[in-house]
Amino acid sequence: MKILQAINHYPAHIKQQVVQLIETDKLSHYLLTRYPVAHSISSERALYDYVQEYKKRYIKQSNPISKVSYDAKLQLVKHALGTHTYVSRVQGNKLKAKQEIRIATLFKQAPIGMLDMIVVHELAHLKEKNHNKSFYKLCCYMLPDYHQLELDTRLFLINQTLNGNLYE
Ligand SMILES: [Zn+2]
């Protein structure tokens, strides 16, 4: 199944469970049971404040974030986990990097835990560009349930493709 690309790097027994959920048409049910409601952070102002709150609490020592937005163009599953753009501006002799965080619009109607996961993922990239051990350590420090939430977010995206938005 092409749709399983989003979870391709997971162990076989997990993929098997997902296939079963899809084949028995129980993926939405699984997600709704775990995440009965969507968050209400729908404005970009609220999203910006939400991200800043995380940043203040966990990673003070990093470049400031200039902009946080929902981006309707980020629809492909492979990009849907967000994107971090590094805009460098020459100011005097100093090269100052301004960070911008964009989150796919489809996460406007998503569980708060999944928004947390995306935010934490993007913030961790302020410190660590690659998806390596210290990157995931930082993610788990900010959000102890990070790995489960990342898997469920991938299932949420698969479900979105198969059945549309969970909360509509
Ligand atoms: Zn990443």
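The values are calculated or read from the model by the stated rules, or taken from the named source; none is laboratory data. Model, not experiment: these values are computed from the prediction. Backbone-built Cβ (ideal geometry, glycine too); neighbour counts: all protein chains shown. Heads up: the accessible areas ignore ligands, DNA and RNA and are worked out on the full protein's heavy atoms, side chains in. Shrake-Rupley method; radii C 1.70, N 1.55, O 1.52, S 1.80 Å.
Going by the structure shown, is GLN75 open to solvent by 70 Å² or more (accessible area, probe 1.4 Å), away from the ligand (no atom under 16 Å from the Cβ) and at pLDDT 85 or above? Please lay out each step first, then the result.
Details: open to solvent by 70 Å² or more (accessible area, probe 1.4 Å): yes; away from the ligand (no atom under 16 Å from the Cβ): yes; at pLDDT 85 or above: no.
No.
Checking the condition within 12 Å of the ligand (Cβ to nearest atom) and either open to solvent by 80 Å² or more (accessible area, probe 1.4 Å) or modelled with pLDDT of 75 or more (or both), which residue from ASN130, ASN63 passes?
Details: ASN63 fails: within 12 Å of the ligand (Cβ to nearest atom).
From the options ASN130, ASN63, the qualifying one is ASN130.
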Quick one: count up the residues across region 117-127 that are within 11 Å of the ligand (Cβ to nearest atom) and either modelled with pLDDT of 95 or more or surrounded by fewer than 16 Cβ atoms within 10 Å (Cβ to Cβ) (or both). 0
Expected output for region 1-23 (first residue over 19 Å from GLN160 (Cβ atoms), partner part of a helix (DSSP H, G or I) and among the charged types (D, E, K, R), Cβ below 9 Å, 6+ apart or cross-chain) is none
Filter region 133-145 for residues that are surrounded by 21 or more Cβ atoms within 10 Å (Cβ to Cβ), within 12 Å of the ligand (Cβ to nearest atom) and closer than 23 Å to ILE14 by Cα and give the result. CYS139
Which of the residues that make up region 133-168 are at pLDDT below 90 and within 10 Å of the chain's Cα centre (by Cα)? none
Filtered residue count, region 41-64, keeping only those that are in a helix (DSSP H, G or I), farther than 11 Å from LEU123 by Cα and not charged (D, E, K, R): 4
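Out of LEU4, LEU47, I need the residue that is within 17 Å of the chain's Cα centre (by Cα) and open to solvent by less than 30 Å² (accessible area, probe 1.4 Å). Which one?
On the way: LEU4 fails: within 17 Å of the chain's Cα centre (by Cα).
That would be LEU47, the only listed residue that is within 17 Å of the chain's Cα centre (by Cα) and open to solvent by less than 30 Å² (accessible area, probe 1.4 Å).
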